[in-house]
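The values are calculated or read from the model by the stated rules, or taken from the named source; none is laboratory data. The shown structure was predicted, so the numbers you read here are calculated from the model rather than taken from an experiment. Neighbour counts are summed over all protein chains in view; Cβ atoms, including those assigned to glycine, are modelled from backbone coordinates with ideal geometry.
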Amino acid sequence: MRADDYPDASRPIAEVVGAELVAPLVGGGSTRYVNLDYAASAPALTEVAAHLNEVLPFYASVHRGAGYASQVSTSVYENARTIVREFVGGRPDDEVIFTRNTTDSLNLLAGCLPAAGDVLYLDIEHHANLLPWQDGPHRSVVAARTLSETLERVRAWLKAGEISLVAVTGASNITGEILPVAELAALAHEHGARIVVDAAQLAPHRRIDIAEAGIDYLAFSGHKLYAPFGAGVLVGRRDWLDSGRPYLSGGGAVREVRLDSVAWADGTARHEAGSPNVLGAATLAKAAQVLGSLDVESWYRHEQQLRDALVEGLGQIEGVTVHRLFEDSDLGASPASRGAVGIVNFSVEGHDAGLAAAYLSAEHGVGLRDGRFCAHPALRRLGLASGSLRASFGLGSRLEDVERLVAGVRELVEHGLRLDYTVDAGRWIPVDDSRQFPEWAPNTPGTAGAAPCAAED
């Protein structure tokens, strides 16, 4: 791996909070923490953090107060809908409903489905886009080894009829491979169905235009879009949302209440009962503005070079396998093509994924994800039922991060572990873990030596 081959990956494309965080190493010393777990929760953009500080003094009740701060908070919250709608290329009449996260959004939509018709989904989905549909009529499609054949399998199910909704991921949370959502949307519409796209991994990495692509519903999360506070969003066509059951029963979701009856509100209020997460909506919207202002060519090239460098580096280490779902996904494609986002899934022969992740954290200060990524059927399909490793990156990443990971994996393969490890509460940890948390974070037994991520998404 030569730095000259990846000139656009040497520096971050945007500033993120915690970019220079220092992590302690077991046995003494410290190093700059390498965050390669963006796909779980991306660090906040510094512009988002600054916007939060602007909004906080005005934090007050939304939709319920006549006071100045309340009116400002309400304005911020409602304007966030407009920003998000524009960010994803929404239609003027599309609803923008704020939720807790992508999982919350998809569960909300599941309660609004029409009585007739099944939901069709692939076996490669994150559990968030699989489990909500299992409570009703559904059909699960086993994805083929190629995207083209997978499209034909979906077409065959749609031609058979009685499908009301196609639920598909925009980009795999396991491998980063991008699915042809516009083609899937056209197929769904051709056979009288709608489509919902889980964009949790796509939205932080690619521009989306749901009107142009023909997407009916789109769900994504702020915490993967460089925004804290656990806000999510569901954007889509109003008719199903207005006719579905309210997601929460409570204040704000009603027009009129009597002791034994209720008239529910229409529009976004119908599904946003209770006090809304105004800070979550504000930071999500600000992150959308920042991503929307990026030069697309530079943004995509930065990420593609990081991905290429990581795949090249891992490929030069004996016993390391980089995994993919589809044989015809062009992983080295130009940024504008289907390709893949900044996620690389791999395994190291002879080394448990959880142990390898703990080693990388404890001995190299590198944080990445291990486990089955809340996609158990897909991992079984890849022959990785016990789990694998996932490195993910984004706007704040740099080539040095990739080099640190590759060097750590190479050392593991060539020299093995320097420390002794044991399993505690289901996680591998160093036997003698000298690392300490900050004084304001409890050093709970079983967590100090754990890799900086859980086994699941």
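Could you tell me which numbered condition L248 fails, if it satisfies all but one of (1) assigned by TED's automatic domain parsing to the domain that holds R145; (2) touching a helix residue (DSSP H, G or I) at 6+ places or on another chain (Cβ under 6 Å)?
(2)
Taking A188 as meeting all but one of (1) in a helix (DSSP H, G or I); (2) within 26 Å of R307 (Cα to Cα), write down the number of the exception.
Evaluating A188 over (1) in a helix (DSSP H, G or I); (2) within 26 Å of R307 (Cα to Cα) leaves (2) as the failure.
Taking the residues in the range 226-250 that are over 27 Å from V48 (Cβ atoms) and touching an Asp or Glu at 6+ places or on another chain (Cβ under 6 Å) as candidates, determine which candidate is surrounded by the most Cβ atoms within 10 Å (Cβ to Cβ).
L241
Note down all Cβ pairs under 6 Å where the first residue falls in the range 49-69 and is more than 23 Å from A288 (Cβ to Cβ) and surrounded by fewer than 16 Cβ atoms within 10 Å (Cβ to Cβ), the second is of a type in the set (F, W, Y) and modelled with pLDDT of 95 or more, and they're at least six residues apart or on different chains.
Close Cβ pairs satisfying both conditions: A69/F58.
For the structure I just gave you, tell me whether A182 is surrounded by 24 or more Cβ atoms within 10 Å (Cβ to Cβ), assigned by TED's automatic domain parsing to the domain that holds L131 and within 22 Å of G236 (Cβ to Cβ). So that I can check it myself, show each step before the final result.
On the way: surrounded by 24 or more Cβ atoms within 10 Å (Cβ to Cβ): no; assigned by TED's automatic domain parsing to the domain that holds L131: yes; within 22 Å of G236 (Cβ to Cβ): yes.
Here the answer is no, as A182 does not meet what is asked.
Any idea which of (1) closer than 24 Å to S329 by Cβ; (2) touching a residue at least 40 places away in the same chain (Cβ under 8 Å); (3) surrounded by fewer than 20 Cβ atoms within 10 Å (Cβ to Cβ); (4) not β-branched (V, I, T) is the one E152 doesn't satisfy?
Against the list (1) closer than 24 Å to S329 by Cβ; (2) touching a residue at least 40 places away in the same chain (Cβ under 8 Å); (3) surrounded by fewer than 20 Cβ atoms within 10 Å (Cβ to Cβ); (4) not β-branched (V, I, T), E152 comes up short only on (2).
Could you tell me whether any residue of the range 369-384 is buried (at least 22 other Cβ atoms within 10 Å of the Cβ), modelled with pLDDT of 95 or more and acidic (D, E)?
Yes, there is a match, as at least one residue in the range 369-384 is buried (at least 22 other Cβ atoms within 10 Å of the Cβ), modelled with pLDDT of 95 or more and acidic (D, E).
Output the helices (runs of 4 or more DSSP H) that fall wholly within the range 286-395 and possess 2 or more residues being closer than 23 Å to P43 by Cβ, or say none. Give the steps one after another, and end with the answer.
Numbers: elements: 296-315, 353-364, 376-381.
The helices (runs of 4 or more DSSP H) meeting that bar are 296-315, 353-364.
Condition first: more than 23 Å from G292 (Cβ to Cβ) and either outside any loop (DSSP other than H, G, I, E, B) or among the small types (G, A, S) (or both). Now tell me which residues in the range 1-17 satisfy that. Steps first, please.
Here is the first cut: in the range 1-17, the residues more than 23 Å from G292 (Cβ to Cβ) are 1-7, 10.
Selection gives A3, D4, D5, P7, S10.
Select, from V72, V17, the only residue that is within 22 Å of the chain's Cα centre (by Cα) and not polar (S, T, N, Q). Full working, then the answer.
Working: V72 fails: within 22 Å of the chain's Cα centre (by Cα).
On inspection, the qualifying residue turns out to be V17.
Residues E78, E125: which one is outside any helix (DSSP H, G or I) and charged (D, E, K, R)? Steps first, answer last, please.
On the way: E78 fails: outside any helix (DSSP H, G or I).
Step by step, each of E78, E125 is checked, and only E125 is outside any helix (DSSP H, G or I) and charged (D, E, K, R).
Residues to consider are P92, P132, P137; find the one that is of a type outside the set (S, T, N, Q), buried (at least 22 other Cβ atoms within 10 Å of the Cβ) and free of Cβ contacts under 8 Å to residues at least 40 places away in the same chain. Talk me through it step by step, then tell me what you get.
On the way: P92 fails: buried (at least 22 other Cβ atoms within 10 Å of the Cβ); P137 fails: buried (at least 22 other Cβ atoms within 10 Å of the Cβ).
P132 is the lone residue from the list that is of a type outside the set (S, T, N, Q), buried (at least 22 other Cβ atoms within 10 Å of the Cβ) and free of Cβ contacts under 8 Å to residues at least 40 places away in the same chain.
When you scan the range 87-94, do you find a residue that is more than 24 Å from A287 (Cβ to Cβ) and outside any loop (DSSP other than H, G, I, E, B), even just one?
Pass one, the range 87-94, residues more than 24 Å from A287 (Cβ to Cβ): 93.
If we keep only those that are outside any loop (DSSP other than H, G, I, E, B) as well, we get none.
No, because not a single residue in the range 87-94 is more than 24 Å from A287 (Cβ to Cβ) and outside any loop (DSSP other than H, G, I, E, B).
Look at the range 15-40 and say how many of its residues are under 22 Å from G342 (Cβ atoms), crowded, with 18+ Cβ neighbours inside 10 Å and not acidic (D, E).
9
Quick one: in the range 415-438, of everything that is surrounded by 13 or more Cβ atoms within 10 Å (Cβ to Cβ) and of a type in the set (D, E, K, R), which residue is farthest from V22 (Cα to Cα)?
D424
Can you give me the number of residues within the range 203-223 that are crowded, with 20+ Cβ neighbours inside 10 Å and more than 25 Å from S298 (Cα to Cα)? Lay out the reasoning, then the answer.
Initially, the range 203-223 is screened for residues crowded, with 20+ Cβ neighbours inside 10 Å, giving 203-206, 208, 210, 213, 215-223.
Narrowing the set further to residues that are more than 25 Å from S298 (Cα to Cα) leaves 215-219.
Here the count works out to 5.
Return a yes/no flag: does the range 201-224 have any residue that is farther than 30 Å from S293 by Cβ and not assigned by TED's automatic domain parsing to the domain that holds G339. Explain how you work it out, then say what you get.
Taking the range 201-224 as the starting set, the residues that turn out to be farther than 30 Å from S293 by Cβ are none.
There is no residue in the range 201-224 that is farther than 30 Å from S293 by Cβ and not assigned by TED's automatic domain parsing to the domain that holds G339.
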